[in-house]
1. So for the stretch 81-89 (the condition being away from the ligand (no atom under 12 Å from the Cβ) and aromatic (Phe, Trp, Tyr)), does at least one residue qualify?
2. So, of the residues in the stretch 138-151 that are aliphatic (A, V, I, L, M) and buried (at least 19 other Cβ atoms within 10 Å of the Cβ), which turns out to be nearest to the chain's Cα centre (by Cα)?
3. Quick one: is Glu130 farther than 24 Å from Asp172 by Cα and within 15 Å of the ligand (Cβ to nearest atom)?
4. Note down all Cβ pairs under 6 Å where the first residue falls in the stretch 177-191 and is on the phi > 0 side of the Ramachandran plot, the second is surrounded by fewer than 23 Cβ atoms within 10 Å (Cβ to Cβ) and not acidic (Asp, Glu), and they're at least six residues apart or on different chains.
5. Of the residues in the stretch 64-79, how many are open to solvent by 50 Å² or more (accessible area, probe 1.4 Å) and in contact (Cβ under 8 Å) with a residue 40 or more places away in the chain?
6. Restricted to the stretch 104-137, and to residues that are among the small types (Gly, Ala, Ser) and open to solvent by 30 Å² or more (accessible area, probe 1.4 Å), which residue is nearest to Arg64 (Cα to Cα)?
7. Can you tell me which of (1) in contact (Cβ under 8 Å) with a residue 24 or more places away in the chain; (2) under 23 Å from Leu225 (Cβ atoms); (3) open to solvent by 60 Å² or more (accessible area, probe 1.4 Å) is the one Phe213 doesn't meet?
8. Picking from Glu20, Glu52, Glu39, which residue would you name as being among the charged types (D, E, K, R), in contact (Cβ under 8 Å) with a residue 12 or more places away in the chain and more than 16 Å from the ligand (Cβ to nearest atom)?
Amino acid sequence: MHQHDIRNIVILTGAGISAESGLATFRRPDGLWEGHRVEDVATPEAFRRDPELVQAFYDARRARLKEVAPNAAHQALARLDAEWPGELLIVTQNVDDLHERAGARRMLHMHGELKSAWCLGCGDRMHWEERLGDRPPCPSCGVAGKLRPDIVWFGEMPYDMDRINAALMRADLFVSIGTSGAVYPAAGFVQTARYAGASTLEINLEPSQGSFFFQSSRFGKAGELVPAWVDEILAGIVPS
Ligand code: APR
């Protein structure tokens, strides 16, 4: 595909893009996420069984955001967002706020956000910076102890799937950055994009589980490869 044929871009990001900012990825060799099995902290069942543990876990992750900053990969995508004249959508699986802190605007959090709370009493979702483990009252309905992290756990439906699928069906280029390709539906986006006729590129430290589906791949650190790719695409160089 020639550069002039690329107008609409969809970018999927995962934990690997935030690794160089100092945030842990999920699927480490020890199988643990910050010392916990994912199923003990990232499922609705875990929250029902031990809400204190789950709230403390996400309170710690939310507090950690104050200690980290966007890296060169987040900054490069924010620059692409600002300068790309065609359609662009950055879909992140990450619950950190590093894309938006770098300045990205055309983006969405398909797995929710650490800085959002969801009231199981009244159903409202709201921006949230503080702890939830202290069982604060909901600012909307006033009931205490009903707020949970607005995070999409295993077994729950990701956000904005209609909008994501519509963007994928219009995409000329799909780029996956820093994700292991282990979790659906995000892991299937590459196939939707190919079905729609898009070119597909993977940028990751190592081949992901779905590496086979991508037409081209670049392996290495996101902080180095993403700025280089953004330079190319903005200069009109064909991705490969
Ligand atoms: N640059 C590029 N890629 C990297 C880097 C880096 N500096 N460091 C790690 N990676 C790669 C890893 O090799 C791995 O393939 O990023 C990927 C991270 O994979 P996961 O830890 O599985 O994270 P992710 O794909 O985002 O997980 C998906 O699973 O637990 C759920 O909901 C959670 O959104 C999360 C989803």
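The values are calculated or read from the model by the stated rules, or taken from the named source; none is laboratory data. Note that the structure is a prediction, hence the values are computed from the model and not measured. Note that we place each Cβ from the backbone using ideal geometry, even for glycine, and neighbour counts take in every protein chain shown. These accessible areas exclude ligands, DNA and RNA; they are computed on the full protein's heavy atoms, side chains included. Shrake-Rupley method; radii C 1.70, N 1.55, O 1.52, S 1.80 Å.
1. Within the stretch 81-89 (the criterion being away from the ligand (no atom under 12 Å from the Cβ) and aromatic (Phe, Trp, Tyr)), the answer is yes, since at least one residue qualifies.
2. Among those that are aliphatic (A, V, I, L, M) and buried (at least 19 other Cβ atoms within 10 Å of the Cβ), it is Ile151.
3. Details: farther than 24 Å from Asp172 by Cα: yes; within 15 Å of the ligand (Cβ to nearest atom): no.
It is false that Glu130 is farther than 24 Å from Asp172 by Cα and within 15 Å of the ligand (Cβ to nearest atom).
4. Qualifying pairs under 6 Å: Gly181/Ala187; Gly181/Gln209; Gly181/Gly210.
5. Qualifying residue count for the region: 5.
6. Ranking the candidates gives Gly133 first.
7. (1)
8. Exactly one of Glu20, Glu52, Glu39 is among the charged types (D, E, K, R), in contact (Cβ under 8 Å) with a residue 12 or more places away in the chain and more than 16 Å from the ligand (Cβ to nearest atom), namely Glu52.
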